[in-house]
Amino acid sequence: MININSLLLLVAAAVLSLALPPTAGAHQMSVFAYREQGRLQVESYFGGQRPAQGCAVTLLARADSRQLGQGETDSAGKATLAWPDYPGDMLVTVNCGQGHQAQWPLEAGEKGGETEIPPAALSAPLSANGEDLRPIVAQEVERQLAPLRRQLAAQSIRQPGLADALAGVGYIVGLAGLFAWWRGRRKGD
């Protein structure tokens with residue numbers, strides 16, 4: 001049978017483990033990448049929306065892991081790379097070392113709705129022709145969607161909550177019960 005001192009010690013250890021800061025969240029990192037004005041814009045941050053500063057940014061071809069571009073994040077956790085002339089799927093990787101790494105896939109042909117606007121279209125009077133308006137509308141839609149994409153990427157980060165803490169306590173109590181059962185069986189032999 002388990003004595004009261006052992007039980008109190010196990011409960012105190014469980015409570016203390018809840019009071020300590022979580023370490024797994026320290027390695028949580030997110031990245032968001034999109035095309036804007038012919039360039040690849042990369043934003044990276046740690047849990048709590050802290051910018052990932054001075055991290056290596058690499059753009060790879062997903063088919064053969066060939067490097068298509070590289071750079072480094074600034075003090076705001078952002079980097080800008082040239083958009084490569086590559087037709088296939090790509091992968092943006094941000095690596096800050098010591099286990100801090102995140103990736104963002106870019107699908108083949110993803111240009112973020114961006115179309116180059118010919119200079120003549122900007123100076124000529126607008127007509128009702130849909131082909132004349134298409135590049136202008138596409139660029140404006142992309143400009144409007146960029147903040148929404150950023151918000152969606154930020155919401156995809158799962159922060160630990162009460163359910164995670166209770167699951168941890170349940171795990172500890174379960175292990176303590178298993179240990180107490182094992183110890184009780186040993187003393188009975």
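Values quoted throughout were computed directly from the atomic coordinates according to the rules given, and no laboratory measurement underlies them. These numbers were taken from a predicted model, which means no experiment stands behind them. Heads up, the Cβs are rebuilt from the backbone with ideal geometry, glycines too, and the neighbour counts pull from every protein chain shown.
Here are the numbers for this structure:
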read-out: Cut-off 14 Å, label 7 Å out along Cα→Cβ of LEU145, residues of the stretch 66-92 by amide N; value: none
read-out: Amide hydrogen neighbours beyond the local backbone of GLY69, cut-off 5 Å, H modeled; value: LEU59
read-out: GLN103-ARG50 FRET efficiency (beta carbon distance; Förster radius 22 Å; 0.05 resolution); value: 0.70
read-out: Theoretical gain in end-to-end length, LEU152 to SER75 [0.36 nm per residue, Cα-Cα removed]; value: 25.5 nm
